[in-house]
Structure formats: structure tokens, C-alpha cells
Amino acid sequence: MDVDGVLTDNSMLIMENGDMLRTMSARDGFAIRQCVTNGIAIGIITGGYSIGVNIRMKNLGSKYIYSSIKNKASALQEILDFNEFQLDEILFIGDDVPDIPVLQKVGLSACPVDSIQEVLSMVDYVSPFQGGRGAVRDILEKLLKVKDLWTLDHELISG
């Protein structure tokens, strides 16, 4: 998935020293962790770079962290080349122009409701939630429910 506009609400708090701070939904994080717990690989492909985002995703169990990426389709191809994934097995969540080449290739494409019109009109699923405000939770929870992997047993998830 993308980060800005998907895992975040597209806002950045720019500090005097130039650091850019973002907020992420804890509920999105819960769904990411539940995917990882159930053997679903999670990754980000983002044009931005943030040590905090990288640490957060690593702590959630994200296996693939691609930051400062100019060509997201190339990053996706690298993931495919070094793993046994097929394009039709990939779900990608994006929201803006740089995500379109990936959204066009994957087996399942999704976006938050506040994505740009070009993305909204081309994806397989539009979450009714905004980026950074539960869209990732909505999409991943639906994926897990379809696979009969969604559980309300806290011990299995936090274990």
C-alpha cells in the first residue's frame, strides 16, 4: 500500500528542523497486524521517506518497506521477482497519481474515499473511509473476512 493519503490523512506537521510528522490510525495498525499474524504479507511502496513510518511498519510486521520510490511499478516488480507472488495475488491500496501504474496491474485494487477522481474511477473497491481514518482497516478487514481469518480473539492477535 501507499502511505500518504492511505495510511495517513495526507496531512504533515512540518517541524522547524524540517522533520515531517504524520499520524496513522491505530485501527489500521490492528488490521495490518492481524494480516501478518495470519500469514498475509504486508508492504508499503511510498514516494516519501520517514524513519517513523518505517519503524511503525516494521513494528507492525510489514515485510516489505520501499521508501523514496519514484517508480512504484518497478518496486512492485522487485517484490514479485524475489518472491513467489503473482500479480493476481496482490492487493494494492493507493490514492494518487503515482499509485495508478500499480493499481492497474494488481489483482485487486482499492482506495480511500478521498482519493483523486482518476483513482476512484478505476479501482475495484472504494472504501467509505478516508485515508488515515480507517480505510486500511476497512479494506483489510474485508479481505480477512473473505478468507475466514478475521477473529475477535485478542489473544490470537496480540499473542
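Where a number appears in this text, it was derived from the coordinates with a stated rule and is not lab data. Computed from a prediction, not measured in an experiment: that's the story for all the values here. Positions of Cβ are generated from backbone atoms using ideal geometry, with glycine treated the same way; all protein chains shown enter the neighbour counts.
Quick notes
- The stretch 13-153 - percent relative contact order, Cα under 8 Å, separation 6 or more: 20
- Between Val97 and Tyr49, the distance separating the two model label sites (each 7 Å from Cα on the Cα→Cβ line) works out to 2.2 nm.
- Shape call, the stretch 1-77: gyration tensor on alpha carbons, a/c limit 1.5: oblate
- Radius 15 Å from Cβ of Tyr49, net charge of other residues (Lys, Arg +1; Asp, Glu -1): +2
- Counted charge near Leu80, where neighbours are those whose Cβ lies closer than 10 Å (Asp, Glu -1; Lys, Arg +1): -3
- Computed from backbone phi with θ = phi - 60° and the Karplus coefficients 6.51, -1.76 and 1.60, the 3J(HN,Hα) list for the stretch 11-23 is 8, 9, 9, 9, 7, 4, 7, x, 4, 10, 9, 10, 10 Hz; x is used for glycine and proline.
- Sorting the segments 1-9, 24-32, 36-44 by their mean number of nearby beta carbons within 10 angstrom, highest to lowest, gives 1-9, 24-32, 36-44.
- Rounded if a/c under 1.5, otherwise prolate or oblate - the chain, Cα gyration tensor axes: rounded
- The modelled label-to-label distance between Val36 and Trp150, using points 7 Å beyond Cα along the C-beta direction, is 2.1 nm.
- Separation in nanometres of the label points that stand 7 Å from Cα toward Cβ, at Asn71 and Ser121: 2.7
- Per-residue ³J(HN,Hα) for the stretch 91-108, Karplus 6.51 cos²θ - 1.76 cosθ + 1.60, θ = phi - 60°, Hz, x for Gly and Pro: 9, 10, 10, x, 9, 9, 3, x, 8, 4, x, 6, 4, 6, 9, 6, x, 9
- Counting 0.36 nm for each residue step from Leu108 to Gln86 and taking away their Cα separation leaves a gain of 6.7 nm.
- Extended-chain gain in nm, criterion 0.36 nm per residue less alpha-carbon gap, Ser11 and Thr23: 3.5 nm
- Ordering of 63-75, 95-107 by packing is 95-107, 63-75, highest average first (other Cβ atoms within 10 Å, averaged per residue).
- Straight-line reach from Lys142: taking Cα to Cα under 24 Å and skipping same-chain neighbours fewer than 8 places apart, the lysines in range are Lys58, Lys63, Lys105.
- Magnitude of the charge dipole for the stretch 13-153, about its Cα centre and with charges confined to Cβ atoms of Lys, Arg (+1) and Asp, Glu (-1), is about 340 debye.
- GluC sites (Glu not before Pro) within the stretch 50-159: DSSP coil, no more than 15 neighbouring Cβ in 10 Å: Glu84
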